[in-house]
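Novice: Could you have a look at this structure, given as structure tokens, before my questions?
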Amino acid sequence: NPGNSDSPVTTDEPGSEAADPNAPITGEMVRNHATTPTSEFEYDVEDDGIRIKGYTGSDVIVVVPDEIDGKAVTSFSKLVFGNSSPVRGVMIPKTVKSLDELCANNRVIEVVICEGVEKVEYMALAACDSLREVHFGEAISDIQEKAFLLSDQITIYAPAGSYAETFANENNIPFQAE
């Protein structure tokens, strides 16, 4: 089972090598990383699509696929990448519209890219000591109070003039247009 190996996860696809677990993670690294194999996820098939329940792989960067078994990935169970998860960078597919306690209490997560997300729920990315970058797209229109509570290193990246920029400015969070 690839999720139980102590060695980096690799596939035969070019550019699919696992990230160096000791190197700092950047948004560019996450964007350029190969999609994580569906076999490394625990999930439920629901009426509206796939709900990711867990990640069993060992790579520190996870690029969640848009689809599993022909159905869109639409949601995550709470704390999929939270608490003691080793994941340090994650790209959420544009098919996911809301984040709810996705990475809370993850002390090592550094980058979250969620460009299709419309809403970030209360405590979704809270208490993430190492979280430096959260990337949003044009779709973001609601970030709940305390979504980033105790995640004091964060910079929000999003289009200039977006809701994310307004939120960042109103909450004294550094903002970078992209």
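The values are calculated or read from the model by the stated rules, or taken from the named source; none is laboratory data. This is a predicted model, so every value here is computed, not measured. Glycine gets a Cβ as well: all are built from the backbone with ideal geometry, and neighbour counts include every protein chain shown. Please note that ligands, DNA and RNA were not included when accessible areas were found on the heavy atoms of the full protein model with its side chains. Shrake-Rupley method; radii C 1.70, N 1.55, O 1.52, S 1.80 Å.
Novice: Among Cys128, Ile109, Tyr157, whose Cα projects farthest towards the positive end of the dipole of the chain, with charges put on the beta-carbon of Lys, Arg (+1) and Asp, Glu (-1)?
Specialist: Comparing the listed Cα positions along the dipole, Cys128 ranks first.
Novice: Also, quick follow-up: How far apart, in nm, are two points set 7 Å out from the Cα along the Cα-to-Cβ line at Ser39 and at Ala23?
Specialist: 2.5
Novice: Separate question: Using R₀ = 22 Å, calculate the FRET efficiency as 1/(1 + (r/R₀)^6) where r is the Cβ-Cβ separation of Lys53 and Arg31; round to 0.05.
Specialist: Rounded to the nearest 0.05, the efficiency is 0.30.
Novice: Using a Förster distance of 22 Å, how high is the FRET efficiency between Lys78 and Thr155, based on the Cβ-Cβ distance and rounded to 0.05?
Specialist: E between Lys78 and Thr155, to the nearest 0.05, is 0.35.
Novice: Nearest 5 is fine: what % of DSSP beta bridges in the chain come out antiparallel, could you say?
Specialist: Expressed as a percentage, antiparallel bridges in the chain total about 25.
Novice: Another question about this same structure. Ranked highest first by average number of other Cβ atoms within 10 Å, how do 107-120, 141-154, 35-48 line up?
Specialist: Sorting 107-120, 141-154, 35-48 by mean packing, highest first, produces 107-120, 141-154, 35-48.
Novice: Could you tell me the center-to-center distance, by alpha carbons, between the stretch 85-101 and the stretch 45-81 in angstrom?
Specialist: If we compute the Cα centre of each part, the gap is 9 Å.
Novice: Given +1 on the Cβ of Lys and Arg, -1 on the Cβ of Asp and Glu, and no further charges, what dipole in debye does the stretch 64-106 carry about its Cα centre, rounded to the nearest 20?
Specialist: That gives the stretch 64-106 a dipole magnitude of about 100 debye.
Novice: Okay, next question. What does the highest-first list of 53-61, 124-132, 22-30 look like by mean Cβ count within 10 Å?
Specialist: 124-132, 53-61, 22-30
Novice: With runs of 4+ DSSP H residues as the only contributors, calculate the mean residue ellipticity of the chain at 222 nm using -39,500 (n - 2.57) per run, divided by the residue total and rounded to the nearest 500.
Specialist: -2000 deg cm²/dmol
Novice: Add +1 for every Lys or Arg and -1 for every Asp or Glu among the other residues with Cβ under 13 Å from the Cβ of Ile68, and state the total.
Specialist: Here the count lands on -4.
Novice: On average, how much accessible surface per residue is there in the stretch 75-178, in Å², for a 1.4 Å probe, leaving out ligands, DNA and RNA?
Specialist: Solvent-accessible surface per residue comes out at 42 Å².
Novice: Let me ask something else. Can you tell me the dipole magnitude for the stretch 102-164 around its Cα centre, using point charges on the Cβ only (Lys, Arg +1; Asp, Glu -1), in Debye to the nearest 20?
Specialist: 140
Novice: For a distance above 24 Å, tell me the whole-number percent of Cα pairs in the chain that qualify.
Specialist: Value for the chain (Cα pairs over 24 Å): 31 percent.
Novice: What list of ³J(HN,Hα) couplings, whole Hz, do you get for the stretch 47-61 from phi and the Karplus terms 6.51, -1.76, 1.60, once you set θ to phi - 60° and write x for glycine and proline?
Specialist: 4, 8, x, 9, 10, 6, 9, x, 10, 10, x, 10, 5, 7, 10
Novice: Tell me the carbon and sulfur percent of the accessible area for the chain, rounded to whole percent, probe radius 1.4 Å.
Specialist: Within the chain, the accessible surface is 44 percent carbon and sulfur.
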